[in-house]
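The block underneath contains the structure these notes are about, expressed in structure tokens.
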Amino acid sequence: MLGALTAGMIGTAGCLDADSDGDEIDRLEPERELWSFEADGRIPTTPAVANGRVHVGSFDRNIYALDTDRGTEQWRFETGDKVWSAPAIAGDTLLIGGVDHHVYAIGLEGGERWTVETGGEIYAPPMTAADRVYIGSNDGRLYALSSATGEIEWTSHLGGKVKSKLATLGNRGYVGSTGGDLCAVDLSNGTVQWRFGTDERILSRAAVHDDRVVFGSTDGRCYAVDRRTGDEQWRYETDSGIASSPTVRNGTVYFGNGRMRVHALDVETGEQQWRTTLRGRVNGSPNLVDGVLYVGDAGIVHALDPETGEAHWRFETGNPVNAAPTGVAYVAYVASNDGHVYALDVT
């Protein structure tokens, strides 16, 4: 344990710290906007793009499909309450959860295929694998549903509200809860194989990389544990809670925290490579596309150098950007709490 703690906390001397200064706000580039679409409520989650359409859910109770070229509405699907869950697309079906307790399967032309009610509000995005849909609910359960019919095949009680997306590798899934535990779940039957406890809530998706699972907690720590046993490999202390899902690319873990910082760590050791301070709380997962790291905070999308954390450019929205942008063919699709979806030129 002491060795793991040391590995996560040492090594900051000589590392890059690109904390922002007040002049960098001049790097805003509004001309990158290709189009924007406005809903009647906040849009808090990552868009899903498929078949020439951008799909998002909104606090106005609707799920929207927008044309990728112009942002024009193609269809909308009304639910019974706010939509906070990010959509997922499997084949010709869009899957999404609602605050109205329901999981929806919707054809890509907008028609309902099936719906299933859970015992609580759904904030977690669905995960699809092997003809199943896996989704967490505020009733404290992870659900495994048939992709074809929505039939509940099993549920697993995890001891707290499940607000994050399941991460999978092979026949095992990894997901945290507001009870503070990261759980390894057998995907064949829902049996919990091990638990790793933190001091507070786990609100974001874990990242599975080789033999370890990396995740953050609102206790302010990023953890790496052995994916087979749940034994701790390292931990890294930050100065605020972590609700941002980590992204692992090229041996580096990227994530944000509540004190406006983005951190980059060596995935093997937990040693800090750089840290940069943005303009507001970072809840969304950083997204690395074509050698640029995109991350949103309190109203600004930042395009960062993944090697140093320095900003290439910034784009301003009217409210916090709480989810990762989606990048497709040199366009970033960004959802904002100002109720807009933005398409940005990222060439």
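Is it the case, given these coordinates, that residue 225 is open to solvent by less than 40 Å² (accessible area, probe 1.4 Å) and under 30 Å from residue 330 (Cα atoms)?
Working: open to solvent by less than 40 Å² (accessible area, probe 1.4 Å): yes; under 30 Å from residue 330 (Cα atoms): no.
Taking the combined requirement at face value, the residue does not satisfy it.
Within the stretch 268-286, how many residues turn out to be part of a loop (DSSP other than H, G, I, E, B), touching an Asp or Glu at 6+ places or on another chain (Cβ under 7 Å) and touching a residue at least 60 places away in the same chain (Cβ under 8 Å)?
Filtering the stretch 268-286 down to residues part of a loop (DSSP other than H, G, I, E, B) leaves 268-271, 278-286.
Subsequent filtering for residues that are touching an Asp or Glu at 6+ places or on another chain (Cβ under 7 Å) retains 278-282.
From what's left, touching a residue at least 60 places away in the same chain (Cβ under 8 Å): 278-279.
Looking only at that region, the number is 2.
Of everything in the stretch 287-312 that's in a loop (DSSP other than H, G, I, E, B) and out of contact with any Lys or Arg (no Cβ under 8 Å at 6 or more places or on another chain), which residue is nearest to residue 47 (Cα to Cα)?
Residues of the stretch 287-312 in a loop (DSSP other than H, G, I, E, B): 290-291, 297-299, 305-310.
Now drop any that are not out of contact with any Lys or Arg (no Cβ under 8 Å at 6 or more places or on another chain), which leaves 290-291, 305, 307-308, 310.
Details: 290: 18, 291: 20, 305: 23, 307: 26, 308: 27, 310: 25 Å.
If we take residues in the stretch 287-312 being in a loop (DSSP other than H, G, I, E, B) and out of contact with any Lys or Arg (no Cβ under 8 Å at 6 or more places or on another chain), then 290 is nearest to residue 47 (Cα to Cα).
Okay, residues lined up against (1) at pLDDT 95 or above; (2) open to solvent by less than 20 Å² (accessible area, probe 1.4 Å); (3) β-branched (Val, Ile, Thr); (4) over 20 Å from residue 339 (Cα atoms):
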| residue | (1), (2), (3), (4) |
| --- | --- |
| 34 | yes, no, no, no |
| 38 | yes, no, no, no |
| 45 | no, yes, yes, no |
| 63 | yes, yes, yes, no |
| 66 | yes, yes, no, no |
| 72 | yes, no, yes, no |
| 84 | yes, no, no, no |
| 105 | yes, yes, no, yes |
| 113 | yes, no, no, yes |
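Could you list all residues from the stretch 139-179 that are polar (S, T, N, Q), open to solvent by 30 Å² or more (accessible area, probe 1.4 Å) and under 13 Å from residue 103 (Cα atoms)?
As a first pass, look at the stretch 139-179 and keep what is polar (S, T, N, Q): 146-147, 149, 155-156, 164, 168, 171, 177-178.
Still in the list and also open to solvent by 30 Å² or more (accessible area, probe 1.4 Å): 147, 149, 155, 168, 171, 178.
Result: 147, 149.
Before we move on, is residue 27 at pLDDT below 95 and touching a Phe, Trp or Tyr at 6+ places or on another chain (Cβ under 6 Å)? Working first, answer last.
Working: at pLDDT below 95: yes; touching a Phe, Trp or Tyr at 6+ places or on another chain (Cβ under 6 Å): yes.
Here the answer is yes, as residue 27 does meet what is asked.
Which residue out of 317, 308 is surrounded by fewer than 23 Cβ atoms within 10 Å (Cβ to Cβ) and within 19 Å of residue 58 (Cβ to Cβ)?
Working: 308 fails: within 19 Å of residue 58 (Cβ to Cβ).
When all the criteria are applied, what remains is 317.
Checking the conditions here, which among 71, 120 is under 20 Å from residue 326 (Cα atoms), not hydrophobic (A, V, I, L, M, F, W, C) and not in a strand (DSSP E or B)?
Details: 120 fails: under 20 Å from residue 326 (Cα atoms).
Going through 71, 120 in turn, the sole match is 71.
Given the conditions (1) at negative phi; (2) open to solvent by less than 30 Å² (accessible area, probe 1.4 Å), which single one is not true for residue 189?
Residue 189 satisfies every listed condition except (2).
Quick grid of which residues meet (1) modelled with pLDDT of 95 or more; (2) touching a Ser or Thr at 6+ places or on another chain (Cβ under 9 Å); (3) closer than 27 Å to residue 138 by Cα:
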{"residue": "183", "(1), (2), (3)": "yes, yes, yes"}
{"residue": "187", "(1), (2), (3)": "yes, yes, yes"}
{"residue": "206", "(1), (2), (3)": "yes, yes, yes"}
{"residue": "236", "(1), (2), (3)": "yes, no, no"}
{"residue": "266", "(1), (2), (3)": "yes, yes, no"}
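What number of residues within the stretch 338-347 are open to solvent by less than 30 Å² (accessible area, probe 1.4 Å) and at pLDDT 95 or above? Please lay out each step first, then the result.
Taking the stretch 338-347 first, the residues open to solvent by less than 30 Å² (accessible area, probe 1.4 Å) are 339, 341-344, 346.
From what is left, the residues that are at pLDDT 95 or above are 339, 341-344.
Adding up the residues that qualify gives 5.
Restricting to the stretch 47-61, count the residues that are within 17 Å of residue 126 (Cβ to Cβ), open to solvent by 20 Å² or more (accessible area, probe 1.4 Å) and of a type in the set (Gly, Ala, Ser).
Counting residues in the stretch 47-61 that are within 17 Å of residue 126 (Cβ to Cβ), open to solvent by 20 Å² or more (accessible area, probe 1.4 Å) and of a type in the set (Gly, Ala, Ser) gives 1.
Going by what's in this entry, would residue 218 be described as touching a residue at least 12 places away in the same chain (Cβ under 8 Å), open to solvent by less than 40 Å² (accessible area, probe 1.4 Å), among the hydroxyl-bearing types (Ser, Thr, Tyr) and not in a strand (DSSP E or B)?
Values: touching a residue at least 12 places away in the same chain (Cβ under 8 Å): yes; open to solvent by less than 40 Å² (accessible area, probe 1.4 Å): yes; among the hydroxyl-bearing types (Ser, Thr, Tyr): yes; not in a strand (DSSP E or B): yes.
Yes; evaluated as a whole, the condition is true for this residue.
May I ask you to list the residues in the stretch 117-132 that are open to solvent by less than 20 Å² (accessible area, probe 1.4 Å) and touching a His at 6+ places or on another chain (Cβ under 8 Å)?
Quick first cut of the stretch 117-132, residues open to solvent by less than 20 Å² (accessible area, probe 1.4 Å) only: 118, 120, 122, 124, 126.
Result: 118, 120, 122.
Taking the criterion of being touching a residue at least 40 places away in the same chain (Cβ under 8 Å), hydrophobic (A, V, I, L, M, F, W, C) and either open to solvent by 30 Å² or more (accessible area, probe 1.4 Å) or not in a strand (DSSP E or B) (or both), would at least one residue in the stretch 254-266 satisfy it?
no
The values are calculated or read from the model by the stated rules, or taken from the named source; none is laboratory data. What you see is a predicted model; the values in this text were computed from it and never measured. Quick reminder, even Gly has a Cβ in these numbers, built from the backbone with ideal geometry, and neighbours come from all protein chains shown. Surface accessibility is based on the protein's heavy atoms, side chains included, excluding ligands, DNA and RNA. Shrake-Rupley method; radii C 1.70, N 1.55, O 1.52, S 1.80 Å.
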